[in-house]
Every structure is written in C-alpha cells, then in structure tokens.
Amino acid sequence: MDASSSVPLELWLPDLARFDNTHPVRSLLRKADHPSAGAKGYLAGLASHFVVPGGLPAGALTRQLMAGDAEGVSWLCADPAWVQPDLNGARLLACGQMQLDMDEALAFAKPLKPVFGDAGMILEVSSPDHWHVRLPAGAPTPALAAPEQALGEDLYEHLPEGADGRRWRVLLNEVQVLLHQHPRNAERRTLGLPPINSLWLWGGGTLPSHVRTTLKGVVGNDVLLGALAKRAGIAIVERTPQAVAAASAGWLVDLQDLPVDDIAANWWPGMQALALKQPLLLSFASGERLLHRPWHRWRFWRGSPR
C-alpha cells in the first residue's frame, strides 16, 4: 500500500494556540486538510484511543504498570501536590512532576502512612512523582476529580460531598497539616522549588480485565498512557528523537506535555522527516486535528504565514 493512502501516524501535540505563526509546525498546518475535531484535554484524548470498561481507574492501571500488584484491589492515585491557600479556600497549582527524588518522596510520605493506616488504607510510593493508596476490601471508591479538572481551582469544590465526602475532606486536611510542617519543605524553598503540601487523590477503581484500542503502539513517557498501552497489549516505546523518527502508521506519538519551544528545537526535525514519507494526523490537546500527507508539501499556494 502506498504510504500516502495508509492509516496515518498520529502526533499528539499541546494546545494549538501555543504555537505562534513563526513556529515550524505551522508550515505543516497551512498545507494540511482539516478533518473533524477531536477530543479536548488529556483524559478525553486518552479515552478517544482506549476503551476501558467502567471508566478509567488510573490508580490501578498505573500501580500495575509500576509494581505489578494491582489485581483484585481498589487503588487511588495519590499524587504529590502544591496547594496555595487564598481568601476563599485553597487552589491546586501543581500536581505530579514535582521534581522529587525517591529519598525525598519517602521522607514526605513517612508521617502520612499512619494517617492512611488509621483509615484502613495503605499509602505506597510507587515512584517519586506517583504515589498510590490501596483501599480496604469492599470500600466504596470515591468520585474524585482528575488533576487536569482541578488545576487552578478551589480544590474543595472537587472533593466528594455528603457523609462519605466528609471522611475524605478530614483525611486531606490531616495530610496537609503534616506536610505543611515537614522540614523538607524548608529545604525546597531554599532551592526555589514549590512545597509539597498536599496530595491529590483521584482515579479510583480496580484493574480492568481488558483494554481495547485500534492503535498499533505508542511512543511516549506518560505513565497512564503507558499503563493503558500495556493493558491493551500494544507496544510502548520511550520517547526519544530516534523513536519518533521510527514511528509508523497506526502509532501514536505523545508530545502534548512538551513546551512548544522544545518541540521546535528538539523534535521538529524528526517530525519534518516523517511528513515527507507518510501521512501525519496532527492532533492538538485543544481539539483541532489536521491531516498532512506527503504530497501536501507541493501546495505552494498555502505556504504563506498568516
């Protein structure tokens, strides 16, 4: 089959508005076709590629990827977070990717483990940036918002309400008090790093029996993307310029978490080479999708910046 008529290779990119008119990616966009819009946001983007029975239990999926012990148990993600108090409550400013090493993560987690233990739960540090909570058998799974839904907003608006919700609000308050007092935060402030003063609990549920996808493989470093790919039985390759250059039809290349300047400096050459030999579906986190085929480079009348 000719490459120009095959299933495209999909590149998952940040919001389109972040790419100004001088960005090299725009040279592809000006000559590309415009299929229908796609999913907006990280979780919706994942859901558009992977079918998971009963929702998206991010905690169980990522714990299984990291530790292999998630079967038959309910899990929550418990990501280290930075919360900023304000007049009306507290806002979630950062979650995950908090520049922790394992020694530091274990030090922060140490005083929290008894708090979760008293509630019948087990706090596990699966990696410096990805922690998990093992729920007791038969415990209901709380409905907690994903980080992308809560970032920048009052975190208490995203906690469950009612009697069960009160339990989680009390637990979170205890966690925040202990982390606020933790001496490691003074060290982080001297280094210009944000404090670890909360955990964000989300993605509850049990490991799904199966995950379906039409993708052949994925290139990326995102933990949940990797967990879904592994559960679906497809290849997952660490993101490197070489891996991107080798990606082929039916694969997804995840670049959506990268700064656009980084894409221009380090990833554009590989993208440009791919565009010369196979169809590319450029899917932006903001929902826009553009299809570029190799022969589109001859569309000179579309080449002027706008």
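The values are calculated or read from the model by the stated rules, or taken from the named source; none is laboratory data. These figures come from a predicted structure and were not determined experimentally. Ideal geometry is used to build each Cβ from the backbone, glycine not excepted, and the neighbour counts take in all protein chains shown.
Go through segment 28-46 and report how many residues are assigned to a loop (DSSP other than H, G, I, E, B), of a type outside the set (A, V, I, L, M, F, W, C) and more than 21 Å from the chain's Cα centre (by Cα). Residues that pass the stated criteria total 5.
Considering only segment 250-299, how many residues are free of Cβ contacts under 8 Å to residues at least 12 places away in the same chain and among the charged types (D, E, K, R)? Residues that pass the stated criteria total 2. Evaluating GLY41 against the criteria (1) touching a Ser or Thr at 6+ places or on another chain (Cβ under 8 Å); (2) modelled with pLDDT under 95 leaves one unmet condition, (1). When segment 80-109 is filtered for residues that are assigned to a strand (DSSP E or B) and either in contact with a Lys or Arg (Cβ under 9 Å, 6 or more places away or on another chain) or of a type in the set (A, V, I, L, M) (or both), the ones remaining, listed by number, are ALA81, VAL83, GLN84, PRO85, ALA90, LEU92, LEU93, ALA94. Residues that are closer than 18 Å to PRO8 by Cβ and touching a residue at least 40 places away in the same chain (Cβ under 8 Å) within segment 230-249 comprise ALA247, SER248, ALA249, listed in sequence order. In segment 216-230, of all residues being touching a Phe, Trp or Tyr at 6+ places or on another chain (Cβ under 6 Å) and surrounded by fewer than 20 Cβ atoms within 10 Å (Cβ to Cβ), the one that is farthest from LEU65 (Cα to Cα) corresponds to LYS216.
Within segment 215-246, the residues that satisfy the criterion of being over 24 Å from GLN97 (Cβ atoms) and either aliphatic (A, V, I, L, M) or outside the structural domain of GLY41 (by TED's automatic domain parsing) (or both) are LEU215, ALA232, ILE234, ALA235, ALA245, ALA246. All conditions but one from (1) modelled with pLDDT of 90 or more; (2) over 26 Å from the mean Cα position of the chain (by Cα); (3) hydroxyl-bearing (Ser, Thr, Tyr) apply to SER304; the one that does not is (1).
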